[in-house]
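Bear in mind that the values in this text are calculations on the coordinates, not laboratory data. Since we're looking at a predicted model, the values are computed, not measured. Every residue, glycine among them, receives a Cβ derived from its backbone with ideal geometry; neighbour counts consider all protein chains shown.
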Amino acid sequence: MRASLLLLAITCAGAVAAENPGQQAAEPVVFAALAPSVATLPELPQIPGVQTRETKVLFGSRKRRKGAVCGDIDIKGVEAGDIAGTLPGCGASDAVRVREISGVRLSQSALMTCGTAKALKKWIGREVETAFGRRNKVVSLRVAAHYACRTRNNRPGARISEHGRGKAIDISGFTLESGETITVLDGWKQRKTRRKLKKIWKAACGPFGTVLGPEADRYHRDHFHLDIARHRGGAYCR
């Protein structure tokens, strides 16, 4: 439509110039002014259902950012703010309630610091997601415990647990795409799953400062305890 209007204006100007040679310099200017500017013409409506590549990329980016916390689009949840402890030494600053990391869901919304959430992401990407096969990936982690203002192993007089600082999480099982759940308690006893669970446990050493499993003590027979406390001699893994 724009091209047609411009062509009409140019044709008319040429016709007038032919009849009035003496006005060649003035007349085309008058007709050109009558023709609508390309800049002032309204934008043509987009065809419904048709999106440009840029629009798709922008929409996908916004969708991924929705619900993201800790400045990481792969960590989904809600901000919880500062958590006050009921015992001296408990509490967490800028805590978040995480429900999903790198597409792997948590069985319950877990309260933790961003440092803990980022360590969990590294662990999931390092070994957890494909530990039982790329065709039967881990889609959910069974959370046994997260933030709780208490002492270590709930023993009277013991030091405050890293759970009481939002720096720890306990994982007791792994649910696969097939719907099967491999628990730490039973899977550690079975030959076909024990080796894979050991790889998962070992992969946590590094992202987490403390990693405890079924062979650590009687308190951890049915789960992996993971926390981001740092030790002088490096990661403490048992």
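Taking residue 196 as the anchor, which aspartates and glutamates have their alpha carbon closer than 19 Å to its alpha carbon, excluding any fewer than eight residues away along the same chain? Within the straight-line limit of under 19 Å, residue 196 reaches these aspartates and glutamates: 127, 129, 170, 177, 180, 186, 215, 222. Taking Lys and Arg as +1 and Asp and Glu as -1, the other residues whose beta-carbon sits under 9 Å from that of residue 79 total 0. Residues whose amide H falls under 5 Å from that of residue 105, counting only those 5 or more places apart or on a different chain, are 140, 141, with hydrogens built in the peptide plane. Taking every alpha-carbon pair under 8 Å whose residues sit at least 6 apart, the stretch 157-238 reaches a relative contact order of 32 percent. For the stretch 70-218, the relative contact order comes to 19 percent (Cα pairs under 8 Å, sequence separation of at least 6). Taking 0.36 nm per residue of separation and subtracting the current Cα-Cα distance, fully stretching the chain between residue 238 and residue 153 would add 29.0 nm.
Phi angles of the stretch 158-167 translate, via the Karplus equation with coefficients 6.51, -1.76, 1.60 and θ = phi - 60°, into HN-Hα couplings of 6, 5, 5, 5, 5, 4, x, 10, x, 10 Hz per residue; Gly and Pro are given as x. Over the stretch 117-187, calculate the relative contact order: mean separation of alpha carbon pairs under 8 Å at least 6 apart, over the residue count, as a percent. RCO, the stretch 117-187: 28 percent. With a Förster radius of 25 Å applied to the C-beta separation of residue 230 and residue 105, the computed FRET efficiency comes to 0.30.
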